[in-house]
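Okay, structure first, notes after.
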Amino acid sequence: MDKNWIEETFKTKKAIIGLVHMQPLPGDPYYDQEGGMQKVVDMARADVLALQEGGVDGLLFTNEFSTPYMAKVEFETVAAMAYVMGALRAEIKLPYGNDCISDDMASISLAAASGALFTRGVYHGTWATSSGFCDSNGGGAVRLKHNLGIDDFKLIHYLIPESAADVGGRDPIAIMKPTYFLNQPDGIAVAGMVAGQKVDVSTLKTCREAYPDAVLFAATGVKIDNVQDYLAVVDGAFVGTSFKKEGKFRNQIDGERVKAFMDKVKELRKIYD
């Protein structure tokens with residue numbers, strides 16, 4: 001595993017990646033037909049600009065509000081995400097990734113067109129989730145990005161998917177081992193049960209001990225009052241809910257919250273960089 005890709009991509013050893021949660025898209029139950037795609041683009045633009053001006057190191061575009069989630073996203077979802085990212089391309093100033101939630105092959109396919117550099121997904125195990133079974137295809141994912149000519153596209157593996165449990169009830173640290181050895185993941189993301197729920201720091205420490213050379217991410221629940229605890233262990237963090245107005249999941253990004261968070265991170269980096 002090449003740990004240098006974090007610093008090479010984000011110009012820091014402790015990367016903060018802000019989430020751009022796209023509004024419901026065509027085909028989603030809550031899509032705003034009246035506002036249309038222009039509303040989706042405008043709201044995504046506002047979030048991108050607030051995150052960039054606030055000082056984050058990277059962006060991750062997701063179809064977060066395509067609820068309830070599908071095991072495989074529809075073609076129109078991928079097309080709409082590509083449209084939004086393309087419409088904003090000239091305004092995006094940071095390294096960015098994309099994530100078609102629950103559909104890792106779609107995420108990789110989207111990246112071939114969008115220019116995204118990374119994603120996070122499920123590449124090992126079989127999981128019982130709130131939406132049914134999730135069966136991974138790590139080998140297929142690596143082959144797909146190779147066949148699409150994006151070998152450098154980074155696959156960050158969830159240790160445990162959000163809202164999920166291993167079908168066999170096995171220790172997730174243990175069942176990652178063959179995947180870690182054979183698939184050589186570009187990173188491991190440890191998440192809480194749902195968006196905004198903090199990760200147990202002791203779980204991150206256990207993961208760090210088991211995989212000392214891994215690029216390790218905290219995937220949910222990182223806030224201004226606990227970021228110091230996480231940065232002592234991880235190489236990066238995905239931050240969404242904490243950056244939003246009043247810290248509420250469905251609100252838009254609050255630039256002042258981003259700036260205050262990143263000001264604290266910059267002080268903490270003096271310890272690590």
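The values are calculated or read from the model by the stated rules, or taken from the named source; none is laboratory data. Quick caveat, the model's predicted, so the values are computed rather than measured. These accessible areas exclude ligands, DNA and RNA; they are computed on the full protein's heavy atoms, side chains included. Shrake-Rupley method; radii C 1.70, N 1.55, O 1.52, S 1.80 Å.
The table that follows gives values for the structure above.
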quantity	calculated
List R89, R143, ordered by accessible area with a 1.4 Å probe, largest first	R143, R89
Per residue accessible area in Å² of segment 164-254, where ligands, DNA and RNA are left out and the probe is 1.4 Å	45
Proximal lysines to K205, defined as alpha-carbon separation beneath 20 angstrom and excluding residues fewer than eight positions away on the same chain	K3, K13, K14, K177, K223
Quotient of Cα Rg and 2.2 N^0.38 Å for the chain, N being how many residues it contains	0.94
DSSP bridge orientation in the chain - percent antiparallel, rounded to nearest 5	25
Relative contact order (%) - criterion: Cα under 8 Å, at least six apart; region: the chain	19
Once the Cα gyration tensor of segment 134-273 is diagonalised, semi-axes √(5λ) in Å	27, 17, 17
Segment 1-25 and segment 48-64: distance between their alpha carbon centers, rounded to Å	10
Computed [θ] at 222 nm, deg cm²/dmol, the chain (DSSP H ≥ 4; -39,500 (n - 2.57); rounded to nearest 500)	-12000 deg cm²/dmol
